[in-house]
Structure formats: C-alpha cells, structure tokens
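Novice: The structure follows.
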Amino acid sequence: MPAFAHEFPFDPTYGRTREELLRIPAPAPPADFGAFWQSRYEAARAVETAPEVGALVEERDGVRIFEVTYLSVGEVRLGGWLVLPAEGPAEHGFVIGHGYGGRDQAGPDVPLPLPRSAALLPCVRGMGTRGLVPEIPSVADGHVLHGIASRDTYVIGDCVADLWCAASALRELVPGLGALGYAGGSFGGGLGALALPWDDRFGAAQLTVPTFGNHPLRLTLPCTGSGESVRTYHRTHPEVTDVLRYFDAASAATLIEIPTLVAPALFDPAVPPPGQFAVYNALPPGSPQPHILQAGHFDHDGTETELKALSEARAGFFAQHLTDGEA
C-alpha cells in the first residue's frame, strides 16, 4: 500500500489492503431501485433538448471547441462545451462528466479519448459557471445535500438526468454517431455509474475514482470531500440512509452491462477508496480489470506518470470497445 506523507487527521487508505479493497461488496438496492431509475430515464429521454451551439472557444489537439447549451429535465437550460473534429466527420462520440466543482473550460478533457471524435462536456445543474441554477448551491458541500430529504427531490437524480440529456443533445448535433463512450472522474464517475445501466446508447465507459459507492460504508469513513457533508447531515437525520440507497453507485454498477474500465485509488482523502472499489467489485464477471491508482485527489511525485498511464489505458480501452480494435 502507498505510504504518502500527509497531514490529514485520518488515514486515506482507511486501513484496507488492496486485497481487502477488492472484496468490498455493493449494498443491496431497494426493491424498486430499477423502477425508480427507469422512470427517471424515460422522463429524460422525453425532453426536447433543443441544443444551441455558441461561439468557437478554441482550436487545438485536432478539434474545435464550441460553447453549447441544451435543455434538461425541469426545463433547466445547461451549458457546456461541444468538441468536434477540426477536419472531417466525427466517427465516435463521448459524453464526459466532471468532478465536484464543475468545469469552467474544456481543459484537460481534451484531447478526447479517441481521435476523430465528437464530445459534449456538460456542466450538470449547480456546477461550474455554465451549470449555475439560482436555487442550487454551487459548492460541493451544499450541492450534495440539495433536496436530499426525498429521493424525488435529491439533486443527484437530476444531475444523472443531465448526462442523459447531454447524450440526446450530442446525438442531435452530430447525427449518425454509433454507440457512445462515457468518461467521468470522482463526481462524474459516480454519476456515470448511476446513469449507465438504463441507457443503451452507451457502448463503453471509463470511471475514475468514482464517488457514491457503498453509502452505508461511506457514512462511517471521514473524508475531505462531499461525503463528509453527507456524514454530518446523517448524524441528525439518520433517515437519509433510505434516500441514499437509491443513489448508490455500487448498487447501480451491478446492473451495468457494457464494458467499463474503473480506475480506483488505494489512497484518497476526498473519496474513500472502499467506496471506489465497491463500484468496481460490483461489475459483472468478465469486466475489464481495474486500472488501480496509487492515489486520488492527492498530488505526489508519481501523479504525472499515473495520469499519463491512465490516459493511455483509457484510449486503448475505448479503441477496443468502440472501434472494433481500430484506434
């Protein structure tokens, strides 16, 4: 296990060895878990997303990056970035989720996982300068609690719908795309796990240090991320456990049927590794082996090397599963 010098008041490995992490299960979902999410998916698919392409922001790495907006559930118009090949038609399509804190630009999500690709990089509601909604907190600690008293009002459900609507908008803007790829890390990794079981438009996915895995266990683990806000809320509102059961990324992962590459970390102060590994462990037999990171949400001497290796693994994974082996 990694032994990083740190000043956290807890152990970001949570005392688990790699072998122990690989045995952490997913909690059993509620009996109506599937019906709940299928209903939300159908509502999202019924949305006329009316995407609008705005200004060209920049051209680099063989693509042009445009501002874009689209409608999601609740008639909320969200912003983000549309990425298109600088030359020739798009042969692949991606929806790329972001971490907690949102995104203010396309940034490190470009270059895309595969060349000759189009992508929609949405800012889900409440996040980033282009996803701000007046009544939703834009800071992670507040955002993760918004509407949490009920499964029907919890903001995380609508954020998942924002990803489904992003896929709809991308397909409208770039007709003829085949199966889409999904990539997301941290917050975007957890949202992706919740979104993927219901949407057959996606053909492969890559989730990095995914959050929201195994909520019953997460509630026992201190952290520096949004989970700490939920833990604090739970102390005075223990009934929230019944709501969280519907938003467990590990429970959802048991139902993912497409190839999914998970990159969990052994050491992570923001998203406890036991929850990350629970997402990977929940995938069906025959899923790709995990791409295990030494650390997540923590800069160390090997960070740049790890990120480069992950980028290469992601590209190879999508080349295999979205292009029949043709890079």
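The values are calculated or read from the model by the stated rules, or taken from the named source; none is laboratory data. Please read all numbers here as calculations on a predicted model, not as lab measurements. Heads up, the Cβs are rebuilt from the backbone with ideal geometry, glycines too, and the neighbour counts pull from every protein chain shown.
Novice: Being surrounded by fewer than 24 Cβ atoms within 10 Å (Cβ to Cβ) and without any contact (Cβ under 8 Å) to a residue 60 or more places away in the chain narrows it down to one residue among THR224, THR236, THR254; which is it?
Specialist: Matching residue, one of THR224, THR236, THR254: THR236.
Novice: Also, I was wondering about something else. Can you name the residue in the range 285-308 that is part of a loop (DSSP other than H, G, I, E, B) and without any contact (Cβ under 8 Å) to a residue 12 or more places away in the chain and, of all such residues, is surrounded by the fewest Cβ atoms within 10 Å (Cβ to Cβ)?
Specialist: PRO285
Novice: Also, quick follow-up: So which of VAL155, VAL144 is free of Cβ contacts under 8 Å to residues at least 40 places away in the same chain and under 23 Å from THR241 (Cβ atoms)?
Specialist: On inspection, the qualifying residue turns out to be VAL155.
Novice: Filter the range 190-221 down to residues that are more than 23 Å from LEU177 (Cα to Cα) and in contact with a strand residue (DSSP E or B) (Cβ under 6 Å, 6 or more places away or on another chain) and give me whichever is surrounded by the fewest Cβ atoms within 10 Å (Cβ to Cβ).
Specialist: It comes out as THR208.
Novice: Out of the residues in the range 104-120 that are farther than 19 Å from PRO175 by Cβ and charged (D, E, K, R), state the one that is surrounded by the most Cβ atoms within 10 Å (Cβ to Cβ).
Specialist: Here the residue is ASP109.
Novice: Would you point out the residue of the range 270-284, among those that are over 13 Å from GLY296 (Cβ atoms) and of a type in the set (A, V, I, L, M), that is surrounded by the most Cβ atoms within 10 Å (Cβ to Cβ)?
Specialist: Here the answer is ALA278.
Novice: Output the number of residues of the range 309-327 satisfying the condition of being part of a loop (DSSP other than H, G, I, E, B) and either at pLDDT 95 or above or at negative phi (or both).
Specialist: 3
Novice: Same structure again: How many of the residues in the range 26-56 are loosely packed, with under 14 Cβ neighbours inside 10 Å, over 21 Å from ALA167 (Cβ atoms) and not charged (D, E, K, R)?
Specialist: Matching residues across the range 26-56 total 5.
Novice: So which of GLY74, GLY79, GLY93, GLY62 ends up being touching a residue at least 40 places away in the same chain (Cβ under 8 Å), small (Gly, Ala, Ser) and in contact with a Cys (Cβ under 6 Å, 6 or more places away or on another chain)?
Specialist: One residue alone meets the criteria, GLY79.
Novice: Name the residues in the range 149-186 that are surrounded by fewer than 23 Cβ atoms within 10 Å (Cβ to Cβ) and in a loop (DSSP other than H, G, I, E, B), would you?
Specialist: ALA149, SER150, ARG151, ASP152, THR153, TYR154, VAL174, PRO175, GLY176, LEU177, GLY178, ALA179
Novice: Here are ARG60, ARG45, ARG18, ARG40: which of them is touching a Pro at 6+ places or on another chain (Cβ under 9 Å) and not β-branched (Val, Ile, Thr)?
Specialist: ARG60
Novice: Within the range 1-119, considering only strands (runs of 3 or more DSSP E) that don't extend past its boundaries, which have at least 3 residues that are under 23 Å from ALA249 (Cα atoms)?
Specialist: Output list reads 92-96.
Novice: A further question follows. Pairs, please: C-beta under 8 Å, at least 6 apart or cross-chain, first residue more than 14 Å from PRO222 (Cα to Cα) and in the range 1-26, second acidic (Asp, Glu)?
Specialist: Every condition considered, the pairs that remain are ALA26/ASP248.
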